[in-house]
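Structure first, commentary second.
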Amino acid sequence: MALSDIHGAYEPLVRTLQSADILDADLAWAGGGAHLVIVGDILDRGPESRKAMDLLMRIEDEAVSAGGRVHVLIGNHEAMNLVGDLRYVSKAEYAAFAEEEEAADREHWFAEYTRQRRPDGKSPEELRQIFDQSVPARVFALRRAFSTEGNYGRWLLQKPVMIVINDTAFVHGGVSPMIGELGLGGVNNRLRREMINYVGELEMLYRASALLPTDNFYQHPALLQQYTAPLDASPDLLRSIENVKALNESDIHAANGPLWYRGNVSCSALIEADRLEEVLASIGARRVVIGHTPTNGRRILERFDGTVIEVDTGMLNSYYKGSGNAVVIEGDSVSVVNESGTESLAPVSHPRRVGQRPAENLQAADIEALLAKGEIVATANDDAGNQVVTVRDGKQKLDAVFSRRSGRVFYPEAAAYRLDLLLGLDVVPVAVTRKVGRNEGSLRYRVPGSIDEAQRQERGYGGGAQCPLQDQWQVMPIFDALIYNEGRSLQNIRYSPDTWQLLLTGHQRAFSTSKGRPEHLRERELALTPRWRKALESLTDEMLTERLGDVLDKKRIAALGERRDELLSQ
């Protein structure tokens with residue numbers, strides 16, 4: 001049984017474990033020989049992280065005595081607390097350490113603060129006010145508890161980053177290509193060792209007052225660069241300074257590392273599926289259970305035919321609006337248990353989600369229906385000259401861009417969307433055929449707040465994309481070659497602001513009857529992955545006619561098939 005992202009939601013955790021018969025009414029282990037996996041992120045945001053850790057620490061021993069096991073994995077929030085990134089620690093979490101707080105600690109570090117970080121021209125009273133406002137009460141007790149000698153620090157620093165039980169891998173963020181490079185042993189040995197070393201070296205720097213326990217992880221390199229070591233500094237101190245600078249860049253903190261990676265959830269099958277299967281095979285697993293990214297609908301989801309199981313269902317309801325859910329794996333059977341005691345037969349399939357939505361649970365089929373049948377309540381032109389149509393039903397309202405039909409049977413935006421669905425590309429927003437006023441055409445969902453590539457470049461956005469931009473860009477030239485798109489520009493390469501997902505629009509100059517490729521792609525090397533080949537091979541002439549026959553004429557469909565064959569022949 002596995003669950004993740006408790007985030008201090010102690011009561012929902014208990015209810016979930018009791019619903020799954022892991023805990024009894026007295027909160028004792030009742031799971032017998034079961035294996036319970038906590039897939040990271042016990043900490044932060046919520047009020048009772050400490051109680052959750054105390055419970056898990058206790059039932060670890062009880063489970064072993066009964067022939068079972070409790071596996072606690074490091075999540076990104078555990079790593080953050082260990083290395084001093086306390087941005088998400090709630091007031092209630094600090095308050096849980098009130099009894100351990102020592103006034104002498106605060107006075108000692110205030111003295112060091114005034115000596116090393118004293119802003120110019122500030123009086124002692126002003127310095128005290130700045131310190132007390134910026135340094136939370138009980139922070140020193142919390143930092144001590146997560147040190148190498150602290151109760152929770154010792155416990156967490158022994159935990160693995162990733163495990164494989166039978167043929168199922170468990171990791172907090174996701175299975176990135178980095179795991180294939182490091183191997184399971186490298187992930188658990190090298191990355192965990194680097195985190196242990198980082199925590200230990202920080203403690204050396206605290207003792208020397210080269211850093212303060214309240215200094216944020218991201219400030220460490222700059223602060224150490226500015227620090228002037230005393231002339232009689234020991235070699236150990238100088239080594240610790242250099243080690244912390246280097247370890248601050250450890251892969252355990254990287255966006256493509258196992259604690260932070262979101263590609264298993266956010267990259268399309270044409271980007272992710274092949275490399276995911278390759279990495280899983282390299283560690284002896286056929287599927288992976290992950291947390292970290294709250295699921296759409298706050299239910300346990302599966303992707304890629306069950307290769308990925310997503311278990312972050314937003315247990316901390318006050319923040320994520322979800323509930324406690326656990327996946328239960330028994331042989332080939334996969335089921336779900338909710339904190340309320342309800343059980344479903346299997347996880348729900350991961351929905352197609354291209355672009356931010358006005359409502360969290362609004363799916364592609366819902367948007368199709370709304371665009372096709374909703375009431376048109378307003379039309380206007382935007383700054384780019386597009387005709388924007390506002391459509392609503394009894395529950396939702398959204399904007400869409402209308403483009404007139406280009407020929408008797410030619411609706412390029414609707415054709416691009418349907419082809420995207422057939423390929424599993426997941427970059428073209430929902431589009432349907434519809435009459436607006438006296439004109440027939442395509443009505444394409446206008447993703448709120450989206451920005452184009454020119455704006456992205458100008459502002460330097462996109463570094464935190466859930467699916468790396470470099471990976472997303474690789475699918476665009478293949479798609480444009482297939483549809484003979486002569487109109488790709490910086491303005492119709494767009495991004496959804498919530499995840500920096502690529503959105504392709506503006507297909508009025510696509511689906512030519514020409515063979516070959518558009519001029520700007522003729523010299524471009526297009527490397528097809530096995531998944532791309534499989535997707536293209538599935539586009540039989542019969543399927544193209546059946547699915548696109550009312551939005552593309554016969555000549556355009558025939559040319560599309562010929563370009564498909566050309567791509568497959570290379």
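Name the pairs: first residue in segment 330-343 and farther than 24 Å from residue 316 by Cβ and without any contact (Cβ under 8 Å) to a residue 24 or more places away in the chain, second residue in a strand (DSSP E or B) and of a type in the set (A, V, I, L, M), Cβ to Cβ under 6 Å, at least 6 apart or on different chains?
none
Every residue in segment 132-149 that is part of a helix (DSSP H, G or I), over 29 Å from the mean Cα position of the chain (by Cα), of a type in the set (D, E, K, R) and closer than 21 Å to residue 204 by Cβ, please.
Correct list: 144 only.
Can you tell me how many residues within segment 15-46 are within 26 Å of residue 174 (Cα to Cα) and open to solvent by 10 Å² or more (accessible area, probe 1.4 Å)? Outline the logic, then answer.
Pass one, segment 15-46, residues within 26 Å of residue 174 (Cα to Cα): 16-17, 20, 22, 34-46.
From what's left, open to solvent by 10 Å² or more (accessible area, probe 1.4 Å): 20, 34-35, 45.
The qualifying residues number 4.
For segment 359-391, enumerate the residues that are under 20 Å from residue 299 (Cβ atoms) and modelled with pLDDT under 90. Even if it seems obvious, please write down each step before you answer.
Narrowing segment 359-391 to residues under 20 Å from residue 299 (Cβ atoms): 359-367.
Matches in segment 359-391: 359, 360, 361, 362.
Just to be sure, is residue 273 more than 23 Å from residue 332 (Cα to Cα) and open to solvent by less than 50 Å² (accessible area, probe 1.4 Å)? Explain how you work it out, then say what you get.
Numbers: more than 23 Å from residue 332 (Cα to Cα): no; open to solvent by less than 50 Å² (accessible area, probe 1.4 Å): yes.
For residue 273, the condition - more than 23 Å from residue 332 (Cα to Cα) and open to solvent by less than 50 Å² (accessible area, probe 1.4 Å) - is not met.
If you go through segment 362-385 one residue at a time, how many are of a type outside the set (A, V, I, L, M) and surrounded by fewer than 11 Cβ atoms within 10 Å (Cβ to Cβ)? Walk me through how you get there before you give the answer.
Here is the first cut: in segment 362-385, the ones of a type outside the set (A, V, I, L, M) are 363, 366, 368, 373-375, 379, 381-383, 385.
Add one more test, that the residue is surrounded by fewer than 11 Cβ atoms within 10 Å (Cβ to Cβ), and what stays is 381, 383, 385.
Summing the residues that are of a type outside the set (A, V, I, L, M) and surrounded by fewer than 11 Cβ atoms within 10 Å (Cβ to Cβ) in segment 362-385 gives 3.
So how many residues does segment 201-218 have that are buried (at least 16 other Cβ atoms within 10 Å of the Cβ) and outside any loop (DSSP other than H, G, I, E, B)? Quick ask: steps written out before the conclusion?
In the first step, residues of segment 201-218 are kept if they are buried (at least 16 other Cβ atoms within 10 Å of the Cβ); the result is 201-206, 208, 210-215, 217.
Still in the running and outside any loop (DSSP other than H, G, I, E, B): 201-206, 217.
Adding up the residues that qualify gives 7.
Can you name the residue in segment 112-131 that is more than 41 Å from the chain's Cα centre (by Cα) and either surrounded by 11 or more Cβ atoms within 10 Å (Cβ to Cβ) or of a type in the set (Val, Ile, Thr) (or both) and, of all such residues, is modelled with the highest pLDDT?
Taking the candidates together, the pick is 126.
Does residue 233 satisfy being on the phi < 0 side of the Ramachandran plot, surrounded by 13 or more Cβ atoms within 10 Å (Cβ to Cβ) and in contact with a helix residue (DSSP H, G or I) (Cβ under 7 Å, 6 or more places away or on another chain)? Steps first, answer last, please.
Working: on the phi < 0 side of the Ramachandran plot: yes; surrounded by 13 or more Cβ atoms within 10 Å (Cβ to Cβ): yes; in contact with a helix residue (DSSP H, G or I) (Cβ under 7 Å, 6 or more places away or on another chain): no.
Judged against the criteria, residue 233 is not a match.
So which residues in segment 165-188 are in a helix (DSSP H, G or I) and surrounded by fewer than 23 Cβ atoms within 10 Å (Cβ to Cβ)?
Kept after step one, since they are in a helix (DSSP H, G or I), are these residues of segment 165-188: 177-188.
Those that are in a helix (DSSP H, G or I) and surrounded by fewer than 23 Cβ atoms within 10 Å (Cβ to Cβ): 177, 178, 180, 181, 182, 183, 184, 185, 186, 188.
Quick one: is residue 191 open to solvent by 20 Å² or more (accessible area, probe 1.4 Å) and among the aliphatic types (A, V, I, L, M)?
Details: open to solvent by 20 Å² or more (accessible area, probe 1.4 Å): no; among the aliphatic types (A, V, I, L, M): yes.
So residue 191 fails the test.
When only residues in segment 457-482 that are charged (D, E, K, R) and over 20 Å from the mean Cα position of the chain (by Cα) count, which is least open to solvent (accessible area, probe 1.4 Å)? Break it down stepwise before answering.
So the first thing to find is which residues in segment 457-482 are charged (D, E, K, R), and the list is 458-459, 471, 480.
Filter once more, so that each one left must be over 20 Å from the mean Cα position of the chain (by Cα): 458-459, 480.
Working: 458: 155, 459: 121, 480: 3 Å².
Among those that are charged (D, E, K, R) and over 20 Å from the mean Cα position of the chain (by Cα), it is 480.
If I filter segment 284-314 down to residues being within 19 Å of residue 265 (Cβ to Cβ) and over 16 Å from the mean Cα position of the chain (by Cα), which single residue comes out as most open to solvent (accessible area, probe 1.4 Å)? Walk me through it before giving the result.
Going residue by residue through segment 284-314, those that are within 19 Å of residue 265 (Cβ to Cβ) are 285-314.
Remaining after also requiring over 16 Å from the mean Cα position of the chain (by Cα): 285-287, 304-307.
On the way: 285: 13, 286: 117, 287: 14, 304: 35, 305: 164, 306: 15, 307: 19 Å².
So, considering only residues that are within 19 Å of residue 265 (Cβ to Cβ) and over 16 Å from the mean Cα position of the chain (by Cα), the one most open to solvent (accessible area, probe 1.4 Å) is 305.
Taking only pairs six or more apart or across chains, which ones have beta-carbon atoms under 7 Å, a first residue in segment 115-143 that is under 20 Å from residue 84 (Cβ atoms), and a second residue that is of a type in the set (Gly, Ala, Ser) and open to solvent by less than 20 Å² (accessible area, probe 1.4 Å)?
Between residues of segment 115-143 that are under 20 Å from residue 84 (Cβ atoms) and residues that are of a type in the set (Gly, Ala, Ser) and open to solvent by less than 20 Å² (accessible area, probe 1.4 Å), the close pairs are 116/209.
Just to verify a result, which residue in segment 349-361, among those that are charged (D, E, K, R) and open to solvent by less than 50 Å² (accessible area, probe 1.4 Å), is nearest to residue 395 (Cα to Cα)?
At the first step, the residues of segment 349-361 found to be charged (D, E, K, R) are 352-353, 357, 360.
Then keep just the ones that are open to solvent by less than 50 Å² (accessible area, probe 1.4 Å); that gives 352, 357.
Working: 352: 21, 357: 13 Å.
Top of the filtered list is 357.
Across segment 536-570, what is the number of residues that are among the basic types (Lys, Arg) and in contact with a strand residue (DSSP E or B) (Cβ under 8 Å, 6 or more places away or on another chain)? Show your work before the answer.
First, pick out the residues of segment 536-570 that are among the basic types (Lys, Arg): 547, 554-556, 563-564.
Remaining after also requiring in contact with a strand residue (DSSP E or B) (Cβ under 8 Å, 6 or more places away or on another chain): 556.
Here the count works out to 1.
Can you find even one residue in segment 301-310 that is without any contact (Cβ under 8 Å) to a residue 60 or more places away in the chain, basic (Lys, Arg) and in a strand (DSSP E or B)?
yes
If you scan segment 1-39, which residues turn out to be at positive phi, under 26 Å from the mean Cα position of the chain (by Cα) and either among the acidic types (Asp, Glu) or not in a loop (DSSP other than H, G, I, E, B) (or both)?
Scanning segment 1-39 gives a single hit, 5.
The values are calculated or read from the model by the stated rules, or taken from the named source; none is laboratory data. Keep in mind the model is a prediction, meaning the values are calculated, not measured. Virtual Cβ from ideal backbone geometry, glycine too; neighbours counted across all protein chains shown. When the accessible area is computed, the model is the full protein with side chains, heavy atoms only, and any ligands, DNA or RNA have been set aside. Shrake-Rupley method; radii C 1.70, N 1.55, O 1.52, S 1.80 Å.
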